[in-house]
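Laboratory data are not the source of any read-out in this text; all were calculated from the coordinates shown. On a predicted model such as this, the values are computed, not experimentally measured, just so you know. Glycine also receives a Cβ, built like all others from the backbone with ideal geometry; neighbour counts cover every protein chain displayed.
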Amino acid sequence: MDDLKRKLRNLKKFEARIRFGNMEPTGNKRYIWSQYFSTRDAGDPTVKYNLNRLSMLSREQLREVFNEYFYHVYYQYYKENGIIPAEMYDITLLSRMGLPPDSTLEDIKSRFRELAKKYHPDLGGDSSKFIELMETYNKLLDKYE
């Protein structure tokens with residue numbers, strides 16, 4: 001567990017170097033790390049990956065979690081510095097739909113159809129999840145209008 005905590009602390013330091021030049025974030029800027037990880041409590045429900053969950057992952061799964069985290073770090077860096085390529089989708093919205101950051105328009109449409117069948121109220125799904133899915137999908141498609 002100590003080795004994992006050390007790795008997580010190093011990730012936070014690395015994000016600080018990338019996004020803030022080793023300084024503390026100012027204004028409304030926050031660490032992406034704080035949404036993903038915590039070293040305080042093994043069962044922290046406020047983060048996406050708490051220590052208990054991370055400790056149960058295989059080496060490959062842990063690598064995927066770290067890759068997902070770095071996609072978000074670099075996306076935020078590019079967004080803050082105005083250098084996001086036009087063809088790049090908001091990765092936060094993509095992750096809500098369970099899609100990887102490099103998804104295409106066809107991937108988005110296909111996943112939307114799949115999730116719509118699952119969450120549509122007329123098919124026994126959860127109406128609040130369906131509404132959230134529709135909002136996410138529409139935000140992703142807004143860049144084409």
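Brief remarks on what is shown
- By the Stokes-Einstein formula, at 1.002 mPa s and 20 °C, region 51-96 with its Kirkwood radius over alpha-carbon pairs has D equal to 178 µm²/s.
- A convex hull fitted around the alpha carbon atoms of the chain yields 148 Å³ per residue.
- Relative contact order, percent, the chain [alpha-carbon distance under 8 Å, six or more residues apart]: 13
- Shape analysis of region 91-144 places it in the prolate category; the axes a ≥ b ≥ c from the Cα gyration tensor give an a/c of at least 1.5, with a/b above b/c.
- For region 2-80: rounded, prolate or oblate by the Cα gyration tensor [a/c cutoff 1.5]: prolate
- Helix-only mean residue ellipticity at 222 nm for the chain, each DSSP H run of n ≥ 4 adding -39500 (n - 2.57), per residue, nearest 500: -17000 deg cm²/dmol
- Cβ-placed point charges (K, R +1; D, E -1), dipole of region 41-145 about Cα centre in debye, nearest 20: 200
- Dipole check for region 1-102: with +1 at the C-beta of Lys and Arg, -1 at the C-beta of Asp and Glu, and the Cα centre as origin, the magnitude is about 380 Debye.
- The string of couplings for region 120-131 from the Karplus curve (6.51, -1.76, 1.60, θ = phi - 60°) is 4, x, 5, 10, x, x, 8, 5, 5, 5, 5, 4 Hz, one whole number per residue in order, with x for Gly and Pro.
- Rel. contact order, % - alpha carbon contacts under 8 angstrom, at least six apart, region 2-80: 24
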